[in-house]
Amino acid sequence: MVKRLLNSPAFRIFRRPRRGRLVRHYFYISVLLIAGGLIASGLLEIYFRYHESRETLALLQKETAAVAAIKIERFIQDVETAMKAATKGRDIAREGISQQYKFELKRLLFLAPAITEAVALDFSGVKQAQISRFRAFSPDVKSDFSKSPAFQQARQGKAYFGPVYFVRASEPYMTIALPIDHFKGNVIGVLQAEVNLKYVWEVVSGIKVGKAGYAYAAARTGELIAHPDISLVLQGRNVSQLDQVQAAFLPASERSGGNLTVARNLQGRNVISSFALIPRLDWAVFAERPVEEAYERLYGSVLRTSSLLLIGLGMALFASFYVARRVVGPLRVLGQGVERIGKGDLGLRLDLKTGDEIEVLAEEFNKMTAALQEAYAGLEQKVAERTQEINSSAPRKPNS
Amino acid sequence: MRAKRDQEMRKARQEKASGKRIMTLLMAAILWLPFHSAQAQVPKKVPRIGFVGQSKHSSLTGQAILAFRQKLRELGWVEGENVIIEWRFAEGIEERVPEFIADLIRLKVDVMVLTGGRPVRAAKKATNTIPIVMTEASDPVGSGLIASLARPGGNITGMTSVRHELDGKRLEILKETVSKLFHVAILWQSGRSSLKVEFERTELTARELGVKLQFLGVQSAADFGNAFQAIPRGQTTGLIAVHTQLINSHREQIVEMAAKRHIPAIYHDRRYTDSGGFMSYGPSHPSIYAQSANYVDKILKGVKPADLPVEQPTRFELVINLKTAHKMGLTIPPDVLMWADEVIR
């Protein structure tokens, strides 16, 4: 009866051929749960990191471009301020624009190193005084500047910022003209200066964008005004074919998306580019950095997350394997014990001090075995008693 | 049963221990890797710069060459460590320059730094592969040294000098300083045909300013005395010494002669004013040399000279020696003084 019980399918699970199965199931389930959780959280992390870092990058680069634009604008403003001061000389108030004005022009060239030539024109556009760092001018030659657009705009009381032009096909220059007035609105002449834009190089090359990034300025027509690699400027490179430059000069209504584009630079490298405009000069300032460098931190964090993921997975594997073995080991001992009991070794007692349900189970088994042993012993005794009873009663009823 | 479990535990412990060992090995490998790769690098060839100066060897410690060396250091080139500089000084003898150039070509220098137009022309004839950085060649496009300022096109790049072009400007400054000025002597090294165009321009300016020019060509140091003799004495006379090799190498002599004869002179370089000359107006010598170090740096880093635009100096300094002015009994007008970058008193 006991043997039949022990051979029943419920107990067969503990027997050798099927022993590995539980470990495997347990192992698979825990790995699936733990790894699944880890991978899901890791991927989520990477996803958010990506978006976050893209946003931070966009913000940072936009700011850099804006700062660069402000610095370049300030450079031009400084020139303009020096010129404005020159239009307010005392001699002008007294004598109007005359030969004496050369003194102011000298001071202007001294104060603004970027100006290489300056000329003072009277209200009809005739040169009254002129000075240059390179050339000498005769005081008696009165050239006529009245046709120049710089003069025409400045005479109306408005400051003139001319297009970029290249001297000797190499150095970038621009013309700035300001009205000279006795008082606001009473224009008596024009002060015109040629500004060497090579000096903007100093402004631009001081701007750092990350490690390999840089800032540069270009005019609407695509002329490069300032670039840390001054060779590009002196070669008169035109950047109008670059996507980011075209995008920057689009009207605001046609501009799509954010102010951060991935584009190719002059060297054909992929860069992240953002820009800021200087509306007064119709220039745009770009801040660019190589894509690889910009996403370096992102890649770093992806690597970190995935290595953490791998370590987690390894630990999960190890842990579930360990736990599975911890459960299955005692179970096997239990199974072997039960098998031996099944074979009739009722004197066997299991010694499992696992401190958990398996220990309780082992104790119950021990109790059961004890009970079985007792029952067996009782049964045998009863049989012996019965046999004796029958034997002793037999002589009394010999015929039955 | 116990024995079996003990055995299992021991096995587990062993496994753990071997895991630790693997980790240690891995860490060691990570730490060792950079050292290994550093050792694996092949020692690079130390680049060589050939420098030919026209002046004396002592100018090695002069302002200009110090500026050149300083800039190179700033750019990461330490002489004797990761760069070798072959210094050659002609000591005022121009004929030695082609020899030096041939010598530097034999030494297979990576880049040559040459002062002035003539040495560059000599070098252009001798090599069209070794990059050449010129420091003060006037009108390199006109004389056919380079194709254009923006794209030199060949093996030559560097700085142009605007020194000769500034002679008109110098005349103007001198006239503004000494308003009585009527007669200006132009002291130059005769036989320099490249100066013809500039002289025409200077002549034009002189006419506009109402000044008469007297051209005094010299061929050797012995001619200086005669040349100065030819300058008429008087308060209306001035002198411009044109930037040429012969004149540069006799700086002190010229300054002294001008001082002796009380001739207000304007020079192209502040070294004249520093040694007692009256005035100087021109690009700063040290900044030109510092700039040429930039070219050397770019070329050593692999940029082709053909792609390096030739630059012109943008800053010019006016230096006035008040001591000399005082000795000659001249007062400098305030508007000229104001515009001076430096006044030696």
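The values are calculated or read from the model by the stated rules, or taken from the named source; none is laboratory data. Computed from a prediction, not measured in an experiment: that's the story for all the values here. Glycine also receives a Cβ, built like all others from the backbone with ideal geometry; neighbour counts cover every protein chain displayed. Each accessible area value is taken on the protein alone, full model and side chains, heavy atoms only, with ligands, DNA and RNA left out. Shrake-Rupley method; radii C 1.70, N 1.55, O 1.52, S 1.80 Å.
Points worth noting:
- Options A:247, A:218: the member that is more than 14 Å from chain B (Cβ to nearest Cβ), in a helix (DSSP H, G or I) and either surrounded by 18 or more Cβ atoms within 10 Å (Cβ to Cβ) or not polar (S, T, N, Q) (or both): A:247
- Region A:221-234, residues that are in a loop (DSSP other than H, G, I, E, B) and buried (at least 20 other Cβ atoms within 10 Å of the Cβ): A:227
- Only one of the listed residues (A:106, A:84) is away from every other protein chain (no Cβ under 14 Å) and charged (D, E, K, R). That residue is A:84.
- Considering the conditions (1) open to solvent by 20 Å² or more (accessible area, probe 1.4 Å); (2) within 14 Å of another protein chain (Cβ to nearest Cβ); (3) at pLDDT 90 or above, residue A:118 is excluded by exactly one of them, (1).
- Test: residue in region B:281-299 that is open to solvent by 40 Å² or more (accessible area, probe 1.4 Å), away from chain A (no Cβ under 14 Å) and either in a loop (DSSP other than H, G, I, E, B) or over 23 Å from residue A:116 (Cβ atoms) (or both): no
- Which numbered condition residue B:310 fails, given (1) without any contact (Cβ under 8 Å) to a residue 60 or more places away in the chain; (2) in contact with a Gly (Cβ under 8 Å, 6 or more places away or on another chain): (1)
- Pairs linking a residue in region B:262-288 that is more than 20 Å from residue B:185 (Cα to Cα) and free of Cβ contacts under 8 Å to residues at least 40 places away in the same chain to a residue that is open to solvent by 10 Å² or more (accessible area, probe 1.4 Å) and part of a loop (DSSP other than H, G, I, E, B), with Cβ atoms under 7 Å and 6 or more positions apart or on different chains, are B:284/B:315.
- Look at (1) within 20 Å of residue A:187 (Cα to Cα); (2) among the β-branched types (Val, Ile, Thr); (3) open to solvent by 20 Å² or more (accessible area, probe 1.4 Å) and you find that residue A:29 fails only one, number (1).
- Region A:309-325 - residue that is within 11 Å of another protein chain (Cβ to nearest Cβ) and in contact (Cβ under 8 Å) with a residue 24 or more places away in the chain and, of those, most open to solvent (accessible area, probe 1.4 Å): A:325
- Residue pairs meeting the criteria (Cβ under 7 Å; at least 6 apart or on separate chains; first under 13 Å from residue B:210 (Cα atoms), in region B:162-177; second open to solvent by 10 Å² or more (accessible area, probe 1.4 Å) and outside any helix (DSSP H, G or I)): B:168/A:135; B:168/A:136; B:171/A:136; B:171/B:211; B:172/A:136; B:175/B:211; B:176/B:333
- Among helices (runs of 4 or more DSSP H) entirely within region B:162-255, having at least 1 residues that are within 14 Å of chain A (Cβ to nearest Cβ), open to solvent by 20 Å² or more (accessible area, probe 1.4 Å) and touching a helix residue (DSSP H, G or I) at 6+ places or on another chain (Cβ under 8 Å) singles out B:167-177, B:195-209.
- Considering residues of region A:137-163 that are closer than 30 Å to residue B:151 by Cα and open to solvent by 20 Å² or more (accessible area, probe 1.4 Å) only, the residue nearest to the other protein chains (Cβ to nearest Cβ): A:163
- Number of positions in region A:345-364 that are more than 14 Å from chain B (Cβ to nearest Cβ) and either of a type in the set (Lys, Arg) or buried (at least 16 other Cβ atoms within 10 Å of the Cβ) (or both): 2
- Residue count for region B:119-161 under the criterion of being within 14 Å of chain A (Cβ to nearest Cβ), crowded, with 19+ Cβ neighbours inside 10 Å and among the charged types (D, E, K, R): the result is 1.
- Condition met for residue B:92 (more than 21 Å from residue B:159 (Cα to Cα) and either of a type in the set (A, V, I, L, M, F, W, C) or assigned by TED's automatic domain parsing to the domain that holds residue B:147 (or both)): yes
- Being surrounded by 23 or more Cβ atoms within 10 Å (Cβ to Cβ) and either within 14 Å of another protein chain (Cβ to nearest Cβ) or not in a loop (DSSP other than H, G, I, E, B) (or both) is a condition met by at least one residue of region B:321-338.
- Residue identified as hydrophobic (A, V, I, L, M, F, W, C), surrounded by 14 or more Cβ atoms within 10 Å (Cβ to Cβ), part of a helix (DSSP H, G or I) and away from chain B (no Cβ under 12 Å) among A:298, A:303: A:298
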